[in-house]
Amino acid sequence: MRAIDFSGCHLPLVTPFNDDYSVDEVGLRQLVNHFIETEKVDGLVPCGTTGESPTLTNLEHDRVIEIVVEETNGRVPVTAGTGSNSTQEAIARTQHAEQAGADASLQVAPYYNRPTQGGLIAHFESVAKATNLPIILYNIPSRTGRNIDPATVIKLAGIDNIVGIKDAANDLGQTMEILQNTTMDSKPFYVLSGEDAMTYSMMCLGAHGTISAVANVIGKEYTELCRLMLAGDHLAARKILYRTLPLVKALFIESNPVPVKVALELMGLPAGPPRLPLVPMSAANRAVVEEKLREVGRLGS
C-alpha cells in the first residue's frame, strides 16, 4: 500500500450530465483540469454523494472513475467512491477502481440495511481484505440511517489499509473521541470533515482537512482555508470561513448536489441537470445561490 498524505482539501466531483442525462465525458475531463489547475485542490473524489453515485449504473460508475484517473494523470490523489450497501458490490467496485489506477477508496457506511456496529465492522473488514487500496470510511448518518460509532471507527483504524474517515456526523464530541483515540505511531489516521460549515471547527480540534462539496464552487478558498489551518494561522482561515459561509449555506438550500450544479452552470462550467429523483432547483432558490456567488466574487456584477 502506497503512503499518501490525505491532508487538505479533497473535492467530491459532480458528475456532469448531457441534456439527455448521459454522462458528459468531455465536461468531466474539463472539470478535472479546472479543479487541479485553477482551484488547486489537493485531491479528487469521483462517484461520491456529490457525484450522484446512487443513480449511476455500474458501467457509468466504473467509467467515471477511469476518466478521472486518466485525466488526473497522477497530479493529485484520486480517491474513488466505491461504497455500497451490498458488501459484494462494494468489493467489486473497489477492485475495479484499484485496477483503474485510483489511489484510494472512499467507503460509505451501508445505507438502508441499518446493520449493527458488528455488521459495519464485518463489512469494512471484508472490503479492506479484498483490496490493497487505502480506505477512507465515510460516516454520514443523515443519509445512511446508521452512525459509525466512535468505538467502531477506533477498532477499524487498527486495520492496515483503513487510513481515515470522512466525518459527516455533525457531532464534534464524536469527532474529538475519534481524534483522541486514533493517533498512532504506526500510521496516520486522517479525520476529514464531511460537513462544510464544520470544517474550520473540526480542524481546530485536530482534523486534517476536508472532502468538501462546496469546493466544486469555491475550491481555491477551501484549499487555502485548510492550508492556513494546518499551518496554525487560525485567524486568516477564520476570515475565509466567515466570508464564504453565506454561500456555503446557500449551496445546501436544496439536496446536494442540486445547488452545486446550479452554481457551476452559473459560473460557465459543465454540470448539466440532476438525475431523478432529484429535480432542478426552484427559481427562488436559484436566485439565492446566484446572489451569494456574486457576494464572494464568483460572478460578475
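Here are a few things to note about the model shown:
- Any chance residue 117 is free of Cβ contacts under 8 Å to residues at least 40 places away in the same chain, more than 18 Å from the chain's Cα centre (by Cα) and within 18 Å of residue 153 (Cα to Cα): yes
- For residue 173, the conditions (1) crowded, with 16+ Cβ neighbours inside 10 Å; (2) under 16 Å from residue 139 (Cβ atoms) are fulfilled apart from (1).
- Residues that are closer than 27 Å to residue 139 by Cβ, in a helix (DSSP H, G or I) and in contact (Cβ under 8 Å) with a residue 24 or more places away in the chain do not occur anywhere in the range 15-24.
- Residue match in the range 154-162 (condition: basic (Lys, Arg) and either at pLDDT 95 or above or at positive phi (or both)): yes
- Residue in the range 86-114 that is surrounded by the most Cβ atoms within 10 Å (Cβ to Cβ), counting only those that are hydroxyl-bearing (Ser, Thr, Tyr) and outside any loop (DSSP other than H, G, I, E, B): 105
- If you filter the range 98-114 down to residues that are of a type in the set (Gly, Ala, Ser) and over 16 Å from the mean Cα position of the chain (by Cα), you find that the one that is nearest to residue 65 (Cα to Cα) is 100.
- Considering residues of the range 201-236 that are under 19 Å from residue 297 (Cα atoms) and among the β-branched types (Val, Ile, Thr) only, the residue surrounded by the fewest Cβ atoms within 10 Å (Cβ to Cβ): 223
The values are calculated or read from the model by the stated rules, or taken from the named source; none is laboratory data. Quantities reported herein were computed from a predicted structural model and do not represent experimental measurements. Every residue, glycine as well, gets a Cβ built from its backbone with ideal geometry; the counts of neighbours run over all protein chains shown.
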